[in-house]
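Following: one structure in structure tokens, then a few remarks.
The values are calculated or read from the model by the stated rules, or taken from the named source; none is laboratory data. Computed from a predicted model, the values in this text were never measured in an experiment. All Cβ positions, even for glycine, are placed from backbone atoms using ideal geometry, and neighbour counts span all protein chains on display. When the accessible area is computed, the model is the full protein with side chains, heavy atoms only, and any ligands, DNA or RNA have been set aside. Shrake-Rupley method; radii C 1.70, N 1.55, O 1.52, S 1.80 Å.
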Amino acid sequence: NWSGSLIIASLTGAFGSSFLYGYNLSVVNAPAVHIKKFYNETWERRYGFSVDESTLTLLWSITVSIFAIGGLVGAIIVTPIVKFFGRKCTLILNNVFAVTAALLMSLSLLAGSFEMLILGRIIMGVDAGISLSALPMYLSEISPKEIRGSLGQVTAIFICIGVFTGQVLGLPEIFGQESRWPYLFGAIIVPSLIQAVVLPFLPESPRYLLLEKHNTSKAEKAFQTFLGKDDVSHEVEEVLAESRIQRNTKLVSILQLLRTRAVRWQVITVVVTMGCYQLCGLNAIWYYTNNIFSEAGISHETIPYVTLSTGAVETVAAVFSGLVIERLGRRPLLIGGFGLMIVFFAVLTVSLTLQKTVYWLPYLSIFCILAIIASFCIGPGGIPFVLTGEFFQQSQRPAAFMIAGTVNWLSNFAVGLLFPFIQSGLQTYCFLVFAAICFAGATYLFFVLPETKNKTFNEISQAFAKRNKVSLEMQEINHYPGERKSSAEQESDFTSSVDNGETKKGIV
């Protein structure tokens with residue numbers, strides 16, 4: 001089932017999208033000292049005196065957190081963009097934001113303007129907000145149901161690779177020096193240009209072409225390219241069957257989706273998984289890493305190299321999840337990942353509290369950090385994106401990803417804003433807060449989440465139908481009261497929309 005075009009599309013799409021998201025999460029850590037010095041020197045050159053510590057801290061906090069604000073903007077505007085331009089073209093056009101951001105950030109030192117760096121961060125956030133919705137949408141629509149989970153995990157794998165790449169390039173021997181840190185941001189151009197060059201030669205999402213553009217000819221060709229076979233009548237008919245159940249492919253708005261009884265529990269589940277994805281404490285782990293390594297006796301100069309182990313563990317765990325997701329399923333990996341995080345958060349709390357009493361406890365803390373990172377990447381780190389693409393029908397998917405993206409970025413911003421206060425008030429016991437969030441998420445998923453492995457979109461909708469207290473056939477009434485079409489009318493619409501008025505045999 002893994003055709004060459006499918007592999008190229010997933011790798012290229014992820015390299016220019018989720019890779020950059022992960023890269024921009026970690027790239028600001030290594031040059032932080034040099035960037036703060038640049039801020040101070042710029043301030044002194046403009047105003048004749050050094051910036052005070054509180055103002056410098058505020059500028060740096062804005063530089064780091066503004067990325068999440070940009071991401072929220074991107075998540076909000078992605079729905080009309082993917083509707084008008086399509087999934088693939090949205091990914092291609094999104095590179096304009098990435099290249100613009102890279103130029104602003106990399107030239108900020110030369111121009112002597114820290115405002116360029118901050119503006120570049122928010123534009124890069126917009127790029128990430130769009131790509132983290134458009135990419136999973138594209139991958140879920142081009143992949144066969146048998147490998148939809150594995151292909152969806154490519155998003156998470158490349159986020160981890162991006163984080164690890166940012167750590168490596170930030171080493172002092174590479175770009176982690178005072179004169180070289182702008183190159184860290186200039187490197188963003190490379191994945192963007194590769195994606196912009198390769199993706200135009202690959203087809204658009206066949207589901208988008210068939211259900212939203214009503215272009216059966218191009219949809220057939222897209223299916224043939226991605227599936228690597230000539231006879232795609234079964235796949236086309238499967239998509240049309242979904243359309244006949246929906247009876248209307250008009251895209252729903254967020255308000256319509258929230259009001260739709262037939263997807264009520266799907267929406268709640270996406271909100272819970274996306275919220276837990278950001279609130280489960282991984283950002284707190286990154287905050288504590290250097291301190292824990294230092295307590296274990298690792299020298300300050302060596303810590304950046306030891307920190308690479310966290311990025312490596314992330315990547316290996318994400319790849320492992322991608323390899324086993326179609327064998328084990330989404331449900332065991334997601335619930336199991338949260339469960340393991342609860343255990344290791346509890347052990348980490350004990351080891352941090354008592355680490356000065358027993359010499360070997362700091363090493364236990366290091367193990368717990370790596371174990372928490374691995375547990376996160378096995379399930380919670382990538383499966384929420386997969387589920388968002390699987391839970392909803394074609395007309396609902398853009399609005400669903402907009403909701404998921406909004407929850408994702410608001411939660412991201414909330415963690416950055418509130419964690420310093422939580423850490424200050426609870427000290428090492430702050431990890432118990434995150435353990436409680438993981439427990440709440442795992443409990444909810446245990447009772448609500450059905451297994452979606454190797455199921456069609458209609459079968460997944462049917463799995464939620466009983467909980468939503470509505471039959472699958474009632475979805476159209478919930479979606480568009482007063483706009484209902486008969487199956488015969490819908491099939492007639494597809495027939496009349498075929499290019500040049502020709503009807504494809506065996507499809508409609």
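The table below lists the values:
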| item | result |
| --- | --- |
| Identity of the residue in region 423-465, more than 24 Å from the chain's Cα centre (by Cα) and without any contact (Cβ under 8 Å) to a residue 24 or more places away in the chain, that ends up nearest to P144 (Cα to Cα) | E459 |
| Filter result (open to solvent by 10 Å² or more (accessible area, probe 1.4 Å) and either under 16 Å from the mean Cα position of the chain (by Cα) or touching a residue at least 60 places away in the same chain (Cβ under 8 Å) (or both)) within region 406-421 | T406, V407, L410, S411, N412, F413, A414, V415, G416, L417, F419 |
| Number of the exception - A241 against (1) touching a Ser or Thr at 6+ places or on another chain (Cβ under 9 Å); (2) within 26 Å of A14 (Cβ to Cβ); (3) not acidic (D, E) | (2) |
| Positions within region 341-362 being open to solvent by 60 Å² or more (accessible area, probe 1.4 Å) and modelled with pLDDT of 90 or more, in sequence order | V343, V350 |
| Conditions (1) over 30 Å from F67 (Cβ atoms); (2) basic (K, R); (3) open to solvent by less than 10 Å² (accessible area, probe 1.4 Å): number failed by K453 | (3) |
| From I118, I92, I157, residue being outside the structural domain of V319 (by the TED database), open to solvent by 20 Å² or more (accessible area, probe 1.4 Å) and over 30 Å from Q224 (Cα atoms) | I118 |
| Residue match in region 33-53 (condition: under 25 Å from G416 (Cβ atoms), under 20 Å from the mean Cα position of the chain (by Cα) and open to solvent by 30 Å² or more (accessible area, probe 1.4 Å)) | no |
| Search result, residues across region 54-79 that are at pLDDT 90 or above and either surrounded by fewer than 20 Cβ atoms within 10 Å (Cβ to Cβ) or not small (G, A, S) (or both) | F67, I69, L72, V73, I76, I77, V78 |
| Number of positions in region 294-325 that are hydrophobic (A, V, I, L, M, F, W, C), over 19 Å from G337 (Cβ atoms) and without any contact (Cβ under 8 Å) to a residue 24 or more places away in the chain | 3 |
